[in-house]
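Some notes on the structure that comes next.
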């Protein structure tokens, strides 16, 4: 792995503050209570609240990101910038050839997302206090629903969707996967947090219960992948012990995953595997029709299972169908380049997000959502303040 030294003379106070505005606005917007019995629904409908969340995050990203790029001006890594420009040119070519069908937010938001989160932020360091604010906020947000479960009149609301259907536990979040992403990041922070062993163990057990109740299979897989990356980059652990830890982690993960996918024990309907197969074949057909340049916009697959249309739940299939194989290839090259030049925590977080992108529609060639920006920012904060082998915050 190769690290590029930060030129601290390039740091500007105004840019650092804009990054923090971007982080905390998205962070606390994402922590809003949005489960089926949220008191916010007394004032706003679920659709309106979700729209405010999405548009608020998007506008925040575009405004803060644009100002950051205008004020900063300096680039950090020329190779990363070259890869961003390469994939963006291929993206523009697809849009132009297909008649400008893609939305304006994508034209602006995608390059801003990539420039500031893959390059500009690398020039800045942030203090330890931000890790503590994020850790304790996430801890309260994750565990408070367990307390609310003690009240019989609220209990079922945590296992229902806003539409009234049944679902697995998602805490205060709108969906179990939104809960799972932040819960995995919190478990990472918990491991590196300075606190008494007994308290840490109790918290770990409680958070693990939350993760099991969510029945988010992707969360388990992504957490295991991130854990393996952290073990690999830990220099204090000898290689022969790393192999033992890898095997132990994978075996434990296999047991939990078997429970989550076994009809006799699963907390959710596991028949959606047929739906995933339908998506796979549907998107392969879309890709075969326009393999090189795609359709120039986000496309959906329509079938008997998905009469209203559905996206791919796989960033490789979705990107290829949307904009063609060249954009997909260049985007993968960009991710590999960012990974190569990143420090250990950022590497682990990027691998974590890629797993989510392979099985869910939360990471890929698109404008970065809060569920991408927050983990990337936390990975950078950890790289700023601690080492993967020794330190705690």
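Check segment 375-391 and report whether any residue there is within 17 Å of the chain's Cα centre (by Cα) and under 25 Å from residue 104 (Cβ atoms). Checked against the condition, which is being within 17 Å of the chain's Cα centre (by Cα) and under 25 Å from residue 104 (Cβ atoms), segment 375-391 yields at least one hit. Among the residues of segment 302-309, is there at least one that is in contact (Cβ under 8 Å) with a residue 12 or more places away in the chain and crowded, with 18+ Cβ neighbours inside 10 Å? No, segment 302-309 contains no residue that is in contact (Cβ under 8 Å) with a residue 12 or more places away in the chain and crowded, with 18+ Cβ neighbours inside 10 Å.
Residues that are farther than 28 Å from residue 125 by Cβ and not in a loop (DSSP other than H, G, I, E, B) are absent from segment 338-349. Annotation: of all residues in segment 94-116 being farther than 17 Å from residue 61 by Cα and in contact with a helix residue (DSSP H, G or I) (Cβ under 8 Å, 6 or more places away or on another chain), the one that is surrounded by the fewest Cβ atoms within 10 Å (Cβ to Cβ) is 101. I'd like to know if segment 184-203 contains one or more residues that are part of a loop (DSSP other than H, G, I, E, B) and surrounded by 13 or more Cβ atoms within 10 Å (Cβ to Cβ). Yes, that holds for at least one residue. Scanning segment 305-337 for residues that are part of a loop (DSSP other than H, G, I, E, B) and either touching a helix residue (DSSP H, G or I) at 6+ places or on another chain (Cβ under 9 Å) or modelled with pLDDT of 95 or more (or both), which turns out farthest from residue 218 (Cα to Cα)? Result: 324. For segment 78-94, the criterion of being free of Cβ contacts under 8 Å to residues at least 60 places away in the same chain and under 24 Å from residue 137 (Cα atoms) is met by no residue.
Residues that are modelled with pLDDT under 90, under 24 Å from the mean Cα position of the chain (by Cα) and closer than 24 Å to residue 324 by Cα are absent from segment 116-133.
Residue 215 meets the stated requirement of being on the phi > 0 side of the Ramachandran plot, at pLDDT below 85 and surrounded by 14 or more Cβ atoms within 10 Å (Cβ to Cβ). For segment 136-145, does any single residue satisfy the condition of being surrounded by 15 or more Cβ atoms within 10 Å (Cβ to Cβ) and assigned to a loop (DSSP other than H, G, I, E, B)? No, segment 136-145 has no match at all.
Hey, any hits in segment 147-160 for a residue that's more than 20 Å from the chain's Cα centre (by Cα) and crowded, with 20+ Cβ neighbours inside 10 Å? Scanning segment 147-160 turns up at least one residue that is more than 20 Å from the chain's Cα centre (by Cα) and crowded, with 20+ Cβ neighbours inside 10 Å. Once segment 61-76 is narrowed to residues that are buried (at least 19 other Cβ atoms within 10 Å of the Cβ) and either under 25 Å from the mean Cα position of the chain (by Cα) or without any contact (Cβ under 8 Å) to a residue 60 or more places away in the chain (or both), the residue that is farthest from residue 371 (Cα to Cα) is 76. For residue 52, all conditions in the list (1) in contact (Cβ under 8 Å) with a residue 24 or more places away in the chain; (2) surrounded by 14 or more Cβ atoms within 10 Å (Cβ to Cβ) hold save one; what is the number of the exception? Looking at each condition in turn, residue 52 falls short on (1). For beta carbons closer than 6 Å, sequence separation of 6+ or different chains, a first residue in segment 182-200 that is over 30 Å from residue 362 (Cβ atoms) and a second that is at pLDDT below 95 and surrounded by fewer than 22 Cβ atoms within 10 Å (Cβ to Cβ), the qualifying pairs are 194/392.
Could you grab me the full set of residues in segment 226-250 that are in contact with a helix residue (DSSP H, G or I) (Cβ under 8 Å, 6 or more places away or on another chain), at pLDDT below 75 and not in a helix (DSSP H, G or I)? 237 - this is the single residue of segment 226-250 that is in contact with a helix residue (DSSP H, G or I) (Cβ under 8 Å, 6 or more places away or on another chain), at pLDDT below 75 and not in a helix (DSSP H, G or I). Within segment 236-247, if we keep just the residues that are surrounded by 11 or more Cβ atoms within 10 Å (Cβ to Cβ) and within 20 Å of residue 347 (Cβ to Cβ), the residue that is nearest to the chain's Cα centre (by Cα) turns out to be 246.
One residue is enough: does segment 354-362 have a residue meeting the conditions free of Cβ contacts under 8 Å to residues at least 60 places away in the same chain, under 21 Å from residue 87 (Cβ atoms) and assigned to a loop (DSSP other than H, G, I, E, B)? Yes, the conditions are met somewhere in segment 354-362.
The values are calculated or read from the model by the stated rules, or taken from the named source; none is laboratory data. These numbers come from a predicted model, not from an experiment. Here the Cβ is made from the backbone with ideal geometry for all residues, glycine too, and neighbour counts use every protein chain on show.
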